[in-house]
Structure formats: structure tokens, C-alpha cells
Amino acid sequence: MRKKQPLGLSTFDDQLLDGLDFCRKVYDLFDQVQNGPDGIAKLRLRSSKNEKRLVEELIPIARYVQARYREGRRIKVRWLSGSQPYDAILWSSGGLVEHHMAPKKLLIEVTTAVHQNDHLSRRLLHERGGSFGVKGISQDKKTGEIISKPHVHSNDELSTDLADQIIERLSSKSAKPYPPGTLLIVNCFANSLILDSEWDEAIERVKKAHVHRAFREVFLIETVMSHSTTLYGDRKRRQSPKRE
């Protein structure tokens, strides 16, 4: 039996892949990292470009492709590692495209909505087995010691915090001149496990802020509990870019 070639970012970089093949290879790469030497630590700490791009870009794009790939819409993906103003390009074909129910081409930008102490929380999880949560963490400026103290959440604090994190990312990205037809994927990390009702409440707060309209589409994804929501922008922003 032929030995499987190891996967890496070069497997995806500037490669035009069928959407489902893209998803399979992304998840195979995740399994490869997880099952490799110090795999759990690499995924938690994301200290190298390989794990950071995998968790923060490739997996969210794969989740979006899975949500859209269907009868009447076949999708191809080209992910790019360079400094261009987007992370990937999606091409769609099939009946939905022919009847103008889905765009032929989408530019994809991926961003992460997360608490500023998330990296410290992940370090504590790796080094000490856990923490009291991101809002109870501080770091001594002189010694670098990370201190974790209990934090009691109010009834709507988790949903409010998540909404604020998403709104901050949307506001920041909306200030940049992305071309029409751009899809923004927001990879959301809640401050704790978040229930369906809390996710829905956070999304309502985001909708009321009206900061998502600069994009053709905003896909909000939370991978731990598998929450996802799509928000659409202004009609003029929903036009696809010219064919290339």
C-alpha cells in the first residue's frame, strides 16, 4: 500500500480544489496534527503558522463550504497564503448559479472574534490543565506570571460579550475597502460554552448594530457547539466581482 503523503499548508496554497475534497483534506490535516508529536499542544497554542492558519482560516472556510455545497451548486476553493486583501476565492457552478440564486464567484475574508485573554487561557489549559475563564485572567507585567481568578457571569453576560466581540470585528473589517461580492467569515470563540438561546441573543444584538452591511454575506461560525448564522449586506454589496 502506498504511504500517504503528509499534508501541510502547501496542500491548499493556490490550489484549486473541489469543495468537498478541500473539506476532507482540511479535516485530515487536523487529524494529522492532533495525532502527531505534541499534537494537542500545537492545536491549543497555535504557535506556528501551520496550526494558526488551520484553526483560524481553513476550518472556518471548510464549514462554510459544507453549508453551501449541494445539488444545484458545486463549489471549488482556492485558498491563498499571501498578503492579498482576501483569504480565498470560491467558484460555484450549477443550476442555482445559472438562475442567479447563488454567485459564481466569491472572495472570502476570514477573521476571528475572541476575547483578548484567549491565548492566555489556552496557555493555562496546556500548562496547568485549565483556568477560571478569560475574564478572570491577568498577567503580571514584571514576572510574566499568568493569574486566573474565578469570575461569575451574569444572566446575559456571555451573549453580550460574544456580540461585542463580533461587532468589534465587523466594525474593523467594514472600515476596509473590500470589493463588492466579498464574503466575511467570522470565526467566533465564546467566553464559555454557549447555549442555543445565548447564541440567538448574541446574533440579535449583532443585527441591531447594523455593522454587517458592508459585505455581501457574513457567515458567523462557532465550531465548539456548531452554531452558525448568515447575515446579508446591502444589495449593492451582494453583486459578485467581475469574472476572471
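The table below lists the values:
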item	result
Net charge of Cβ neighbours under 15 Å - reference Leu9; Lys, Arg +1; Asp, Glu -1	0
Order by protection proxy (mean Cβ within 10 Å, highest first), peptides 107-115, 131-139	107-115, 131-139
Violating pairs (Cα-Cα greater than 25 angstrom) within the set Lys25/Lys207; Lys104/Lys176; Lys104/Lys207	Lys25/Lys207; Lys104/Lys207
Degrees separating the helix 196-209 axis from the principal Cα axis of the chain, which is the longest one	70
Charge dipole (the chain, unit charges on Cβ, about Cα centre) - positive-most of Gly133, Val152, Pro60	Pro60
Degrees between helix 19-35 axis and first principal axis of the chain (Cα, 0 to 90, nearest 10)	20
Among Gln15, Gln32, Gln84: highest mean-square fluctuation, GNM of the chain, C-alpha pairs under 10 Å	Gln84
Antiparallel bridges, percent of DSSP beta bridges restricted to the range 81-232 (to nearest 5)	50
For the range 95-244: accessible area per residue (Å², 1.4 Å)	56
Under 12 Å, Cβ to Cβ, from Ile203 - net charge with Lys/Arg +1 and Asp/Glu -1	-3
Acute angle (nearest 10 degrees) that the helix 59-68 long axis makes with the longest principal axis of the chain, alpha-carbon atoms	40
Portion, in percent, of the accessible area of the range 60-185 that falls on carbon or sulfur, probe 1.4 Å	50
Size of the chain as Cα extents on the principal axes (Å, biggest first)	58, 55, 31
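The values are calculated or read from the model by the stated rules, or taken from the named source; none is laboratory data. Just so it is clear, the structure is predicted and the values come from calculations on it, not from any experiment. Backbone-built Cβ (ideal geometry, glycine too); neighbour counts: all protein chains shown. What goes into the accessible areas is simple: the full protein's heavy atoms, side chains included, and nothing from ligands, DNA or RNA. Shrake-Rupley method; radii C 1.70, N 1.55, O 1.52, S 1.80 Å.
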